[in-house]
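To start, the structure under review is shown below, and the notes come after it.
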Amino acid sequence: MSDLMRDEELDALVRELNRGTPVSAASSPAGPETTAGAPPPPARSDVEAGDALEKVLTLVVRRDASDVLLVPGSPPVLRVAGRLTPVDAPPLDEDEIRTILAPHVAAQAWRALQEDGSADFSLRVGWQGEGAPHGAFRFRVNLHRQRGRLAAAIRVLPRAIPTLAALGLPALLADLVKPARGLVLVCGPTGAGKTSTLAALVGEINRTRSCHVVTIEEPVEYEHPNVRAIVEQVEVGADAPSFAAALKAALRQDPDVLLVGEMRDLETIAIALTAAETGHLVLSTLHTADAAQAIHRVVDVFPAAQQAQIRQQLALALTAVVSQQLVPTADGRGRVPAVELLIVNAAIRQHIRKDRMESFRNEITLGKRAGMIALEESLARLVRAGTITIEEAQIRANHPEELESLLRDQGTGDRPFGTGRDSRL
């Protein structure tokens, strides 16, 4: 496939924007204004036909892309099957990006961009007519600045709640949400599928348990219908000012299950730990590579004088850590998850209390019968099945020497391990 993807309609749009007049106050850090000193126009959460953004998002859906990047000095860039592919169109400048996005950005998002450097919100597009994408789609928009200029990353949000099987995740993960209390962490880098995994776990709860679920997200990505459970979804920024404030409020709403989209700060982590200790099942994410890093991330948020107490709380509350990465498939048509699963037992609780997280790797090896799996074993299985290449596995292994040993012991492949990156990258 060519590195450039042509689309005459988008090319015409960008050329039209290049000829057009920028928004009157595009240079304002708080966002566009209709006249000097006037507030921005109301944001539209529904994107209308013929809208500049609608044309961009139509291309995203038609190309089966997961994301589109709008960066000054570059044409729109799509991510298809995990790989970036520029659109064959003129480069956008900041005013053009602002013109595309401005009708859909609420005042609170402009404020967040100005004060925090980024803002997140969601959009819905409903297409009609011959040749249009079928049905309604939702998108997550992240506004940010780079080199002082406005940029955006837009992600397609799946319309259906995924199942663990559809995501390629171990069926054993369903057992993680059966207990009535405890803390389950899903870890991995940005773009590793953590949100989809959480959605699948909530979907599992929704299908199998009569309970009250409150999710706290920024923004809401998957919309859960009520099946057996009552699922309330709180969007930070729209329904609550912060994760911590939303979590405090949720504890007064008789929840059984709490989903915290991300534990970013001391207050949110402290409330989540207390909730998990006091009879709630809490699901959340962290941007860490493995379980040991996850424990360190939680503990290190707190002052040194509190860290022993936090390790004790974690030892009591934590029930499992799922660490995952999405790996491009060998045929280049998609991505599959490689997963590490740590199930907390008495030995692991003791390691947490004693700050011996380096012992987790050995405990995972010993815990295979209980369903634990190391990331390297998961990668090795995918290589042996021909699903991913050795090179991709090597790039993503936390401990490449262990992966090499696993593949050598199994006699995988006829090439030496570590011959370089996949030529498609």
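Quick rundown of the values:
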item	result
Relative contact order [Cα under 8 Å, 6+ residues apart], the range 164-373, whole percent	24
Whole-angstrom gap from the range 340-402 to the range 210-275, using each part's C-alpha centre	29
Residue exposure sequence - Glu115, Glu262 - by fewest surrounding Cβ within 10 Å	Glu115, Glu262
Listed residue (His287, Pro225, Cys211) projecting farthest to the positive dipole end of the range 181-296, Cβ model	Cys211
Ordering of 319-328, 290-299 by burial proxy (mean other Cβ atoms within 10 Å per residue, highest first)	319-328, 290-299
Proximal lysines relative to Lys248, as straight alpha-carbon distance under 27 Å, when same-chain residues fewer than 8 apart are discounted	Lys178, Lys194
Electrostatic dipole magnitude of the range 164-373 [Cβ: Lys, Arg +1; Asp, Glu -1; Cα centre; debye, to 20]	780
Signed unit charges on C-beta, dipole axis of the range 164-373, positive-most listed residue Val257, Gly168, Thr268	Gly168
Globularity ratio of the range 265-400, using Cα Rg and 2.2 N^0.38 Å	1.15
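We did not get these values from a lab; they are worked out from the coordinates using the rules stated. The structure displayed is predicted, hence computed values, not measured ones. Neighbour counts run over all protein chains shown; Cβ positions are idealised from the backbone, glycine included.
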